[in-house]
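Below is one structure, written out as structure tokens; the observations come after it.
The values are calculated or read from the model by the stated rules, or taken from the named source; none is laboratory data. If you're wondering where the values come from, they're calculated on a predicted model, not measured in any experiment. Every residue, glycine among them, receives a Cβ derived from its backbone with ideal geometry; neighbour counts consider all protein chains shown. All accessible areas refer to the heavy atoms of the entire protein, side chains included, with ligands and DNA or RNA removed. Shrake-Rupley method; radii C 1.70, N 1.55, O 1.52, S 1.80 Å.
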Amino acid sequence: MDINEKVLLLGILKKDNDESLNDVVLKLENSGLFSLKEGKKLLKNLKKDEYVLDSSLSVKGELLAKQVEQEFKI
């Protein structure tokens, strides 16, 4: 998993209840992390790998996102 996917996964974990997945992608795109096209592709990959279901993280995705959070804290 590349760094952009990890940051997106962490962004989804930390999103507010009123934010959609697209809002998270747009926020990260505005910060210059990736282009909108690349962000949507990354989100699609996370859904394909079953880290994201509907509009939230799956149990698998949440566990990985928490590991990513710990990785960034080090």
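Before moving on, here are some points about what is shown:
- For the chain, the fraction of alpha-carbon pairs in successive 5 Å shells from zero, as %: 3, 18, 31, 28, 17, 3, 0
- For the options Lys37, Lys15, Lys47, a Gaussian network treatment of the chain with springs between C-alpha atoms closer than 10 Å singles out Lys37 as fluctuating the most.
- Cut-off 13 Å between beta-carbons: net charge of the residues surrounding Tyr51, Lys and Arg +1, Asp and Glu -1: +1
- Of all accessible heavy-atom area on the chain, the percent that carbon and sulfur account for (1.4 Å): 50 percent
- Helix-only mean residue ellipticity at 222 nm for the chain, each DSSP H run of n ≥ 4 adding -39500 (n - 2.57), per residue, nearest 500: -20500 deg cm²/dmol
- Other residues whose C-beta falls under 15 angstrom from the C-beta of Gln70 contribute a net charge of +1, scoring Lys and Arg +1 and Asp and Glu -1.
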